[in-house]
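Below: one structure, written as structure tokens.
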Amino acid sequence: MAGYLSSSIGRKQIVAVTGLFLTLFLIMHLSGNFLIYKGPDAYNAYAEFLEHLGTIKILARVGLIVFFLTHITFTALLVIDNRKARGAQGYAVSNSVGKRSLATRLMPYTGTLVLAYLLFHLCDYTLADHESVRSLVNGQNLGLYGLVYNSFKNPLRVAFYVLGMIGIGLHLVHAVQSIVQTFGFNHPRYTPLVKKISFVVGVGVAVGFASIPFYMHFCTMSACSLGGY
């Protein structure tokens, strides 16, 4: 087991598996967040449903934390291994940099951006009091919906969240391709299709999440309460 964890193949597979679970979580999380377009009642009902999951919710959060920390740890180990390999091989490796995609070259930066965004997001909503004055809209407490609505009236917050979504999108474009390649599903016929799928997933998740702060920033309370229609 120790040999597997210290090997390049083992570390890449661990990063791929944890990345796959995190990607699936993002897609499920996005589908739930889309309820915000149906107004306060639907969105708060969804949040309340999650809160009442009890032990399941706790286990899910612990699992996410474990997957996320494992993903970061083994990614960092791979980066260290790659830098050592480049140092040993000199300039022979540097020539291949131009062949890598933009999403691949930006992985260290988008990963750092995603981490910063996640910490900010947890403090902003997950760990925040949903019944505080920050949830008040026109004197009415709208719970988590009101908290989200008020926070995205700040254009700087909208800009940061959209920037975070760009980071997630670029990260996913590379991640989906990497997951497929790590487990050997690499074929001249299917690789172009995998690249298209990874692009659709990355852009789709990024645009989906980014649409929410834009929507909440520009809509009026009456429009939002009616689901924006």
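The values are calculated or read from the model by the stated rules, or taken from the named source; none is laboratory data. Because the structure is predicted, anything quoted here is derived from the model rather than measured. Here the Cβ is made from the backbone with ideal geometry for all residues, glycine too, and neighbour counts use every protein chain on show.
Things to note:
- Residue that is surrounded by the fewest Cβ atoms within 10 Å (Cβ to Cβ), among those in region 10-32 that are closer than 30 Å to Ala42 by Cβ and of a type in the set (Gly, Ala, Ser): Ser31
- Here Thr55, Thr73 are screened, and the one residue that is surrounded by fewer than 17 Cβ atoms within 10 Å (Cβ to Cβ) and closer than 16 Å to Val114 by Cβ is Thr73.
- Among all positions in region 25-41, there is no residue which is of a type outside the set (Asp, Glu) and touching a Lys or Arg at 6+ places or on another chain (Cβ under 6 Å).
- Within region 156-212, the set of residues being in contact (Cβ under 8 Å) with a residue 12 or more places away in the chain and of a type in the set (D, E, K, R) comprises Arg157, Lys195.
- Residues considered: Ala92, Ala76, Ala128. Of these, the only one that is modelled with pLDDT under 90 and within 24 Å of Gly10 (Cα to Cα) is Ala76.
- Summed over region 138-162, the residues that are closer than 20 Å to Gly32 by Cβ and outside any helix (DSSP H, G or I) give a count of 2.
- Lone qualifier among Val176, Val205, Val158 - being out of contact with any Pro (no Cβ under 8 Å at 6 or more places or on another chain), within 22 Å of Phe120 (Cα to Cα) and surrounded by 17 or more Cβ atoms within 10 Å (Cβ to Cβ): Val205
- Residue under evaluation Tyr145, criteria (1) buried (at least 19 other Cβ atoms within 10 Å of the Cβ); (2) at pLDDT below 90, criterion not met: (2)
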